[in-house]
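In what follows, a single structure is set out as structure tokens and then discussed.
Laboratory data are not the source of any read-out in this text; all were calculated from the coordinates shown. In this text, all values refer to a predicted model and were calculated from it rather than measured experimentally. Positions of Cβ are backbone-derived with ideal geometry, glycine not excepted, and every protein chain shown enters the neighbour counts.
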Amino acid sequence: NFSLILAAILLALSLVLNYFNTKTTSELCKAAEKNLSLKEKQALSALQNFKNTINNAPIDFSESLLKDKLYLDLEGIVLLAFRNDSLKFWTSGLAQFDLSANSLQSKNGMLHLRNGWYEYFTDINKNIKSVALLLIKPEYDVENTFFNNSFAPWLSLPEQCAIKHPVTNEANAIHSSSGQALFEVDPKESDLHSDSLIINFSVLSLLSAL
């Protein structure tokens with residue numbers, strides 16, 4: 001009956017939460033780093049293609065620069081091009097970039113914008129700086145069914161985890177492929193444990209009522 005189905009669903013949720021609770025934060029970070037490494041390859045490949053296209057097209061506007069827009073939007077990747085520190089082109093408004101290109105001094109790092117945290121990659125050719133932004137964790141003003149401030153799903157981090165930057169504990173840090181500590185994961189384990197207990201109690205209550 002319906003009660004048994006609901007109890008089964010709640011039990012499954014409890015098992016998932018218990019699974020995360022049995023993993024240390026360091027283990028979660030190691031798994032997330034593997035997923036991040038795959039995404040970084042996508043972002044760097046997109047950046048290289050973007051740079052090559054710019055070399056053969058007017059930077060101020062060209063349809064050829066938008067040929068991968070749908071793919072990039074789905075992957076949470078935004079590409080931007082600056083000429084002499086002036087933003088000339090971007091593939092999407094996903095990233096609310098309101099900084100100077102000169103603020104990105106290194107080739108790789110973390111960037112906090114108005115709508116979230118991004119890992120960035122830069123490439124300079126003459127007076128053109130190309131930038132790839134990879135969405136790590138959004139920060140929407142309002143959360144609902146469509147807008148969630150959890151880490152990007154492909155990182156496979158528990159929903160309650162928060163981001164800490166700069167890194168203070170290397171053991172709980174997510175590193176880039178180059179080995180740079182990008183950010184730290186705050187697991188908020190008490191919240192996970194609390195949620196698991198609530199669900200377990202709900203399952204027991206339903207079963208006892210049958």
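Listed values, structure above:
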item: Per-residue HN-Hα couplings for the range 110-119 [Karplus 6.51, -1.76, 1.60; θ = phi - 60°; Hz; x = Gly/Pro]; result: 10, 9, 9, 9, 4, 10, x, 9, 9, 8
item: FRET E, pair L70, D123, Förster distance 30 Å, beta-carbon r, rounded to 0.05; result: 0.85
item: Chymotrypsin sites (Phe, Trp or Tyr not before Pro) within the range 85-144: DSSP coil, no more than 15 neighbouring Cβ in 10 Å; result: Y140
item: Pairwise FRET efficiency - L6 versus S106, Cβ, R0 = 41 Å, nearest 0.05; result: 0.20
item: At most 16 other Cβ within 10 Å, DSSP loop - trypsin sites (Lys or Arg not before Pro), the range 31-106; result: K67
item: Net lengthening on full extension, N35/K164 (0.36 nm per residue, minus Cα-Cα); result: 44.5 nm
item: Separation of the N144 and A57 label points, Cα + 7 Å toward Cβ, nm; result: 3.4 nm
